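What follows is calculated from the coordinates using simple rules that are stated; it is not laboratory data. All values derive from a computational prediction rather than experimental measurement. Using ideal geometry, Cβ is built from the backbone for each residue, glycine included, and neighbour counts are taken over all protein chains shown.
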Amino acid sequence: MTRCAVIGAGAWGTALADLLARNGHEVRIWAYEWDVVESINRSHQNRRFLPGHSVYDTLRAFNQIEETLAGAELVTFATPSQVLRSIAKSAKGYIAAGIPIVVASKGIEEDTLALMTDVAGEELPNNTVVALSGPSFAVEVIAQQPTAVVIASKDVNAALFAQQSFSSIHFRGYTHDDVTGVGSPNGSAFLAALAS
């Protein structure tokens, strides 16, 4: 069992946190919105972003980023692209060096045109960046429909660790080393990973 933290409790972050919890990990999710924290903790639902879908009952939500990250062995960022830098910066002091950082945020930073993996790497230079992307939808993942993604890192051990943490009978992760291709908006490495 791995202690996991998911930063961002929108639809995608909630679906990934639910997946990790169903895989037997201890999972904490950080939400900016208090109603999301209360909804997840009290009724095991994210009524704001994933109405009608239950989350695994061991998943715990927090509004304080330091509580969410305490002791985390795997951290996943699933925030909107425009706030990833500021949130990663605020999380920096609470993530131990060497902990893999999975970037599931999509898009590019508007001001710099940086990829989300580059933003995370700049703000968290003591951690290994792992990109997670592919043709997936939060409602399908939380409904446990078959999904395939690519999990890419320059560090093969970090990619394998993330793959093992996320993969289930319904969710298949394929490892790759093309972080830029996977982290780019078109996710061009996805087909390459499937073909290899």
Residue with peak Gaussian network fluctuation, the chain [Cα springs, cutoff 10 Å], from Ala61, Ala158, Ala114 = Ala114
Give the residues of the range 115-130 whose amide nitrogen is closer than 15 Å to a point set 7 Å from the Cα of Thr180 in the direction of its Cβ.
-> 115-119
Magnitude of the Cβ-charge dipole (Lys and Arg +1, Asp and Glu -1) of the chain about the Cα centre, nearest 20 debye, reported as 360
Those chymotrypsin sites (Phe, Trp or Tyr not before Pro) in the range 61-148 that DSSP places in a loop and that have at most 15 other beta carbons within 10 Å = Phe137
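How big is the antiparallel share of DSSP beta bridges in the chain, given as a percent to the nearest 5?
Around 15 percent of the beta bridges assigned by DSSP in the chain are antiparallel ones.
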Contact order normalised by residue count of the chain, Cα under 8 Å, 6+ apart, percent = 18
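Once the piece of chain linking Leu113 and Gln64 is laid out straight, how much longer is it, given 0.36 nm per residue of separation minus the C-alpha distance between them?
On the way: separation 49, 0.36 × 49 = 17.64 nm, distance 2.90 nm.
My answer for the length gained is 14.7 nm.
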Expected max-MSF residue from Ala31, Ala143, Ala120 in the GNM of the chain (alpha carbon, under 10 Å) is Ala143
When the helix-only estimate is applied to the chain (DSSP H runs of n ≥ 4, each -39,500 (n - 2.57), divided by the residue count), what is the mean residue ellipticity at 222 nm, nearest 500 deg cm²/dmol?
-> -9500 deg cm²/dmol
Along the positive direction of the dipole of the range 3-195 (beta-carbon charges: Lys, Arg +1; Asp, Glu -1; about the Cα centre), which of Gly10, Asn46, Gly173 reaches farthest?
-> Asn46
